[in-house]
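K.L.:
Quick one: this structure, given as structure tokens, is what I'll be asking you about.
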Amino acid sequence: MIVKKVLIKNFRNIENIEILPDEKMNVFYGPNAQGKTNLLEAIWLFTGAKSFRGAKDSEFVKFGTTEGFIKTEFFKDGAEMEAEIKIGERRKAYLNGNSLASPGALAGKFCAIVFSPQDISLIKDGPSVRRRFLDTAIFQIYPKYVEIMRKYTRAVQQRNAAIKDSYYHPSLLSLIDVFDAEIVENGKKIIEYRKRYIDYLKTEVPKIYSGISENKESLDISYALNCSAELLEERLKAARREDMKTGITSVGPHRDDIDFSINGISARLYGSQGQKRSAALSLKLAEAEILNKQTGSRAIALLDDVMSELDPARQDYVLNHIKDWQVFITCCDPSNTKNLSAGRIFKIENGEIK
């Protein structure tokens, strides 16, 4: 897919920006806190996912205003398309002029991957970060996964509330069976989708990491299941008494994780900062490769201040790997992308294109 136009109004510190991007490389440079990352964040929202910075919808609106919007025109699967998101307390999304049920309905329509220095958290932080990566990646290939995950999450939340309050309201105990059934039905589906996606990662990530590390190291991935699909119903029932003591649901895919090992050693526990960063970058580049192979659509790449975090050899590898993609990349110093042969360069200052 190719983004033809981006319009952003009253988003974070951006008052009004219109961009006609190059079909290959687009570099946005300027000092810190000028709006470069805000611009990438706005584009990312067209995927239907939440902010890659963990922000709430209400935080998007420019200070002193009550609402804003972002709009894009793009070419995908042989068709011209237009998406718009109105931003206030909540986001409202539109595709080709038609109102969508939720912003999540854009999943699979606009395809992108995003990488920022904070993505090292994919390797070094807790399981929730890796689950969020996994689910967001799956959304873009299988849009119906959004609804499966929504139903599952709601059932877990309702079960948690019921087991917490059942001491004071014993009548709630009868509802736990209902919530368990919903958790089992959708939890099994989630596990199968995740297993399939992990298999894709196992094919792509090692090749990319080997290239980034100049064939000096190997990276392996495994799916750390909290509970298999076959045992989910049994384990959930067996855990009920203990769950009622703790007030949480301890069994299910909301407790899953992904393990990474470099040369057979845990990357999270023993990997260096550089190894963790390279592993996270490999994961993101693999996400785009999988998306392309599974949907036939090449995702756009949003790279936030990535070049300054990499040595020259890794910079060259990344730039060569993404040379056939449409890329939006931010940096403080445009010389970090001096090896680019073509593209457009934009200076951003105080939320404006200069």
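Values in this text are rule-based calculations from the coordinates and carry no lab data. Quick caveat: nothing in here was measured; it's all calculated off a predicted structure. A quick note on method: Cβ atoms are made from the backbone with ideal geometry, for glycine too, and the neighbour counts reach across all protein chains shown.
K.L.:
Given the options GLY108, VAL251, THR136, identify the residue whose Cα lies farthest towards the positive end of the charge dipole of the chain (+1 on Cβ of Lys, Arg; -1 on Cβ of Asp, Glu).
P.N.:
Projecting each Cα onto the dipole axis, the largest value belongs to VAL251.
K.L.:
Treating only the Cβ of Lys, Arg, Asp and Glu as charged (+1, +1, -1, -1), what charge dipole size does the range 152-268 show about its Cα centre? Round to the nearest 20 debye.
P.N.:
180
K.L.:
LYS164: which lysines have alpha carbons under 19 Å from its alpha carbon, excluding same-chain residues fewer than 8 sequence positions away?
P.N.:
Output for LYS164: LYS237, LYS245.
K.L.:
Restricting the count to DSSP beta bridges whose residues both fall in the range 239-354, what percent are antiparallel, rounded to a multiple of 5?
P.N.:
Antiparallel bridges make up about 50 percent of those DSSP assigns within the range 239-354.
K.L.:
May I have the count of lysine pairs in the range 29-137 with C-alpha atoms under 13 Å apart, counting pairs 8 or more residues apart or located on different chains?
P.N.:
For the range 29-137, qualifying lysine pairs total 5.
K.L.:
While we're looking at this one, here's another question. Where both partners of a DSSP beta bridge lie in the chain, what percent of those bridges are antiparallel, to the nearest 5?
P.N.:
Just about 70 percent of them are antiparallel.
K.L.:
Continuing with this model, one more query. Could you run the Debye sum over the Cα atoms of the range 13-163, one equal point scatterer each and no solvent, and tell me log10 of I(q)/I(0) at q = 0.17 Å⁻¹, two decimals?
P.N.:
-1.18
K.L.:
Hey, fewest Cβ within 10 Å first, where do HIS169, HIS321 land in order?
P.N.:
Ranking HIS169, HIS321 by Cβ neighbours within 10 Å, fewest first, gives HIS169, HIS321.
K.L.:
List the trypsin sites (Lys or Arg not before Pro) within the range 204-266 that fall in a DSSP loop (any state other than H, G, I, E or B) and whose Cβ has at most 11 other Cβ atoms within 10 Å.
P.N.:
Loop-located and lightly packed - LYS216.
K.L.:
Taking the Cα centre of the range 229-354 as the origin, how large is its charge dipole in debye, to the nearest 20, when only Lys and Arg (+1) and Asp and Glu (-1) carry charge on their Cβ atoms?
P.N.:
Using only the charged Cβ atoms, the result is roughly 40 debye.
K.L.:
Just to confirm the filter: which GluC sites (Glu not before Pro) across the range 58-130 are DSSP coil and have at most 15 other Cβ within 10 angstrom of their Cβ?
P.N.:
In loop regions of the range 58-130 (DSSP not H, G, I, E or B), the sparsely surrounded GluC sites (Glu not before Pro) are GLU67, GLU89.
K.L.:
If every alpha-carbon in the range 191-285 counts as one equal scatterer, what log10 I(q)/I(0) does Debye give at q = 0.23 1/Å?
P.N.:
Log10 of I(q)/I(0), two decimals: -1.07.
K.L.:
Now, a different point. Which one of VAL27, THR72, TRP44 has its Cα pushed farthest toward the positive end of the charge dipole of the range 1-134, where Lys and Arg give +1 and Asp and Glu give -1 at the Cβ?
P.N.:
TRP44
K.L.:
Say R0 is 51 Å: what FRET efficiency, to the nearest 0.05, do LYS216 and LEU175 get from their beta-carbon distance?
P.N.:
It comes out at approximately 0.40.
K.L.:
Largest first and in whole Å, what are the equivalent-ellipsoid semi-axes of the range 1-79 based on the Cα gyration tensor, each being the root of 5 times an eigenvalue?
P.N.:
They are 22, 15, 12 Å, listed largest first.
K.L.:
Moving on to the next point. When Lys and Arg each count +1 and Asp and Glu each count -1, what net charge do the other residues less than 12 Å away from ASP256, Cβ to Cβ, add up to?
P.N.:
So the environment of ASP256 carries a net charge of +3.
K.L.:
Which value, in debye to the nearest 20, gives the size of the charge dipole of the chain about its Cα centre, when Lys and Arg are +1 and Asp and Glu are -1 at the Cβ?
P.N.:
Here the chain has a charge dipole of around 340 debye.
K.L.:
Follow-up. With each run of n ≥ 4 DSSP H residues scored as -39500 (n - 2.57), what mean residue ellipticity at 222 nm is computed for the chain after dividing by its residue count and rounding to the nearest 500 deg cm²/dmol?
P.N.:
My calculation for the chain gives -13000 deg cm²/dmol from helical runs alone.
K.L.:
For Rg and Dmax of the Cα atoms in Å, one of [x] 23.3, 88; [y] 21.2, 61; [z] 21.5, 69 was computed from the structure I shared and the rest are decoys. Which label?
P.N.:
Only one option fits the structure, namely [z].
K.L.:
Let me ask something else about it. Taking chymotrypsin sites (Phe, Trp or Tyr not before Pro) as exposed when DSSP calls them loop (any state but H, G, I, E, B) and at most 14 other Cβ atoms lie within 10 Å, what is the longest stretch of the chain free of them, the sites themselves excluded?
P.N.:
169-354
K.L.:
Suppose the chain between LYS76 and ALA101 were pulled fully straight at 0.36 nm per residue; how much longer would it get relative to their current alpha carbon spacing?
P.N.:
6.9 nm
K.L.:
Here is a further query. Please sort by residue number the GluC sites (Glu not before Pro) in the range 153-249 whose DSSP state is loop and whose Cβ has at most 12 other Cβ atoms within 10 Å.
P.N.:
Sites meeting the loop and neighbour criteria: GLU214, GLU230.
K.L.:
Related question: In whole angstrom, how far apart do the alpha carbon centroids of the range 60-78 and the range 210-272 sit?
P.N.:
If you average the Cα positions of each part, the centres end up 36 Å apart.
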